[in-house]
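> Have a look at this one.
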Amino acid sequence: MDIKPLIAASFSPEEAEAYAAYSLSDADRAALAATGADLLKHFPPIPAACLPMSSLHSVLLEKHVKQKAYVVVGSVYADRVRVFGEDGELDGKRFSQSDPSWDGHGWIVLGDQLADASLFRTARSGKGHPALAALVKREVSPQAAMMICDASDTEKSGLRYEARYVLTQDQVDDLARGAGRLMGAL
C-alpha cells in the first residue's frame, strides 16, 4: 500500500518523504499499542466508528512519537469481498463534514505499521459485513481488540486495505474533537 502520494496531496511532498524515510523504534511500536488500548478502553463500543477512533488515535500518538500517524481512508476487503468502500472518485472534502452516505473505512499508518482500532469491534458487533465477521472469527483471537501489523502483511490474513485518501490535519482534528465530545457525553 503506497500512501506516499496521498500524503503529498493532503500535506506536502516533504512530509511524504519524511513518512517514507521513517523507521519505527520499539518505543514507537509500544506507544502505538498503548494509545490504541487506551482508546478502546475509553471509547464507547460503537461499531463503524472508524474515522473518529482513527483520528483520535492519531492525535493521541502525537505526544509519544516523532512521526505523524496519518489517517487513511479507503476500502477494505475480507477474503476478496469488499466489506467497506465504494467505486468511483473519492472527494476528500466530504470528510470535512458528517457524511452518513460514505461506506468506506478509516485506519492509521505510522511508518510501516497499520493500526485499525475499530475493525474487530465492528466485525464482532453483528452489524458488520458477514465476510468480515467470518474472517475475524476464523483468523483473530477473541482477546484481540485491535489490529496492528506491518502494512504489507494484512493480506496474509485475508484482509486487503486499499488506500484512497489521507485526511488533512484539519479533518483529523475536527473528527478527534468530535470523538472526545462523544466520549465525554457518555
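The values are calculated or read from the model by the stated rules, or taken from the named source; none is laboratory data. Computed from a predicted structure; not experimentally measured. So basically every Cβ, Gly included, is an ideal-geometry build from the backbone, and we count neighbours across all protein chains shown. Please note that ligands, DNA and RNA were not included when accessible areas were found on the heavy atoms of the full protein model with its side chains. Shrake-Rupley method; radii C 1.70, N 1.55, O 1.52, S 1.80 Å.
> Give me the percent of the accessible area of the range 3-183 that comes from carbon and sulfur atoms, probe 1.4 Å, all protein chains in place.
Accessible surface attributable to carbon and sulfur in the range 3-183 totals 52 percent.
> Which whole-number percent of Cα pairs in the range 92-186 have a distance greater than 16 Å?
Counting pairs separated by more than 16 Å, the tail of P(r) holds 64 percent.
> If Lys and Arg each add +1 and Asp and Glu each add -1, what is the summed charge of the other residues whose beta carbon sits under 13 Å from the beta carbon of residue 144?
+2
> Still on this structure, please answer the following. Under a straight-distance cross-link criterion of Cα-Cα below 17 Å, which aspartates and glutamates are reachable from residue 127, leaving out those fewer than 8 residues away in the same chain?
Straight-distance partners of residue 127: 103.
> Next up: Considering only the other residues whose Cβ falls under 15 Å of the Cβ of residue 81, what net charge follows from Lys and Arg at +1 and Asp and Glu at -1?
Net charge in that neighbourhood comes out at -2.
> Considering the convex hull of the alpha carbon atoms of the range 1-74, report its projected area averaged over all viewing directions, in nm², one decimal.
Here the figure is 5.4 nm², rounded to one decimal.
> Give me the Kirkwood hydrodynamic radius of the chain, using the inverse of the mean 1/r over all pairs of distinct Cα atoms, in Å to one decimal.
Hydrodynamic radius (Kirkwood, Cα pairs) of the chain is 16.5 Å.
> Another question about this same structure. What net charge is computed for the residues neighbouring residue 15, neighbours being all others with C-beta under 10 Å from the C-beta of residue 15, Lys and Arg scored +1, Asp and Glu -1?
Once all neighbours under 10 Å are counted, the net charge is 0.
> Related question: How large is the accessible surface per residue of the chain, computed with a 1.4 Å probe and reported in Å² as a whole number?
Result: 50 Å² of accessible area for each residue.
> So which lysines pass the test for residue 4, namely a Cα distance under 24 Å, with those fewer than 8 places away in the same chain ruled out?
Once the sequence-local lysines are set aside, what remains near residue 4 is 63, 66, 68, 93, 156.
> Can I ask one more? Which residues make up the longest stretch of the chain that has no trypsin sites (Lys or Arg not before Pro) in a DSSP loop with at most 16 other Cβ atoms within 10 Å?
Formally, the longest exposed-site-free interval is 1-62.
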